[in-house]
1. Which one of these does Pro78 not meet: (1) loosely packed, with under 13 Cβ neighbours inside 10 Å; (2) not in a helix (DSSP H, G or I)?
2. Pick from Leu126, Leu107: which is in a helix (DSSP H, G or I) and within 28 Å of Trp267 (Cβ to Cβ)?
3. Mind checking whether some residue in the stretch 83-98 is at pLDDT below 90 and on the phi > 0 side of the Ramachandran plot?
4. Need the failing condition index for Gly73 against (1) in contact with a Lys or Arg (Cβ under 9 Å, 6 or more places away or on another chain); (2) crowded, with 18+ Cβ neighbours inside 10 Å, just the number.
5. From the list Ala150, Ala136, Ala94, which residue is among the hydrophobic types (A, V, I, L, M, F, W, C), surrounded by 18 or more Cβ atoms within 10 Å (Cβ to Cβ), over 16 Å from Ile40 (Cα atoms) and touching a helix residue (DSSP H, G or I) at 6+ places or on another chain (Cβ under 6 Å)?
Amino acid sequence: MTESALAYFKRLGVSRTRRVALRPSTYRYRLRWPAQGTVITIGAALVGLQALTLGQWIADDAGVTFAYARSIGEGLGPVQQPGAAPVEGYSDPAWLALLVLGRMVGLFDNGSWFGVSDLVTFPKFLALLCVVGMLAVVASVARVVLPRRANAVTMIAGLLMAANFSLIAWMFSGLENPLTALAVTLLTAVLVKGVARGRLLGPRVAGAAALAALLAALNRPDGVIYAAAYPLTVLLFVGGTAVSASVAAVRRYGLIFAVPFGGFLLWRRMEFGMWLPNSAVAKSQSAPSMADLSHTGDLMAWAGWGLVLPVAACVGIVAARRRPVRARLTDPADAVPFGPALSAALVPLALALLAYGILKPDGQALASLRLWAQTTIDRLDRTWRADGRGGCGAQLRVGQTL
């Protein structure tokens, strides 16, 4: 090695041994892409096989959005049927947009796929694509925080999703649930990777978090609660150590989120005469009270304390660990302790629990879907990584989660 290279490494604060040791790992990481694609495909296939047991079942409420997609596609505007007055009878603008696009290209409301009505097949196909996206997001997080076990983490995440038939039913019901689950999973991954890489205040992280939160807000009225995820994460994990940079990052995030969402609210006001979604008005969704938060305890009781307590113990063990995340890093100064990197995933999860507590009972089932999607990933992520090499201790904790 030349003197200039040694001086370069010394200037970076990285020893020669450390630098050389990282290169083979990075090379092996690049070779894992085909294997990870296979794992994602297998996980999505398992979920798809479970969805096949539902047959051609579609939830009745999905027909409302289907009717609006047909009216918009025929140039009649946002009406439920020809000649009717414009009413925001749907609650999923982003999902509606996908159905309209599918109709425009002839994939939806245009006939059948292999003898099955495309009113059934196209929404289920979109749901399967969202499942693929969720598993790809899990794999991307695993590559950052646990590159040697990324395939195992992704595979077990797919198995857990396929084993939860309630999640399968909601995902493949024709409703907007899969797109919401994908948006929240993506938001969680952006926050975790931002903290793990020490780039939480960077423009790319702020922009990606804003777009993920925007997708969640435009797909469900209660999804707007996730707009608080990035500011809360900055407040919790950056605090007062970089006030000016934090303010600039949150301002950038708020601008990217508020401009399109504010434009949507303005259009709603001009088109329907309301600032709030019609679904919230029709269901008499009142302002939340402190008593509403007690409903979250009902969810814990439903999950069973035999599951909740071991998971809580695993979260505490991992959060207390100080071993740094060193995936794909060439500068040890960039390493971040496990605790903050993992705890960032708790912010969207806490917001989901809050939404579950304050919603009316008929809306809590949809909020629970996001909880299932997030907790499946969070539980797996924490239990496996409680042991840095995925050893016996980690396997026991994964067994507890299962």
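1. Here Pro78 clears every test but (1).
2. Details: Leu107 fails: in a helix (DSSP H, G or I).
Exactly one residue qualifies, and that residue is Leu126.
3. Scanning the stretch 83-98, I find at least one residue that is at pLDDT below 90 and on the phi > 0 side of the Ramachandran plot, so the answer is yes.
4. With respect to (1) in contact with a Lys or Arg (Cβ under 9 Å, 6 or more places away or on another chain); (2) crowded, with 18+ Cβ neighbours inside 10 Å, Gly73 is out only on (2).
5. Numbers: Ala150 fails: over 16 Å from Ile40 (Cα atoms); Ala136 fails: over 16 Å from Ile40 (Cα atoms).
Of Ala150, Ala136, Ala94, the one residue that is among the hydrophobic types (A, V, I, L, M, F, W, C), surrounded by 18 or more Cβ atoms within 10 Å (Cβ to Cβ), over 16 Å from Ile40 (Cα atoms) and touching a helix residue (DSSP H, G or I) at 6+ places or on another chain (Cβ under 6 Å) is Ala94.
Residue-wise test of (1) under 30 Å from Phe125 (Cα atoms); (2) among the β-branched types (Val, Ile, Thr).
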position: Pro178; (1), (2): yes, no
position: Arg197; (1), (2): no, no
position: Leu211; (1), (2): yes, no
position: Tyr230; (1), (2): no, no
position: Leu235; (1), (2): no, no
position: Val250; (1), (2): no, yes
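The values are calculated or read from the model by the stated rules, or taken from the named source; none is laboratory data. Keep in mind it's a predicted model, so treat the numbers as computed, not measured. With ideal geometry, Cβ positions are generated from the backbone for all residues, glycine too; neighbour counts draw on all protein chains shown.
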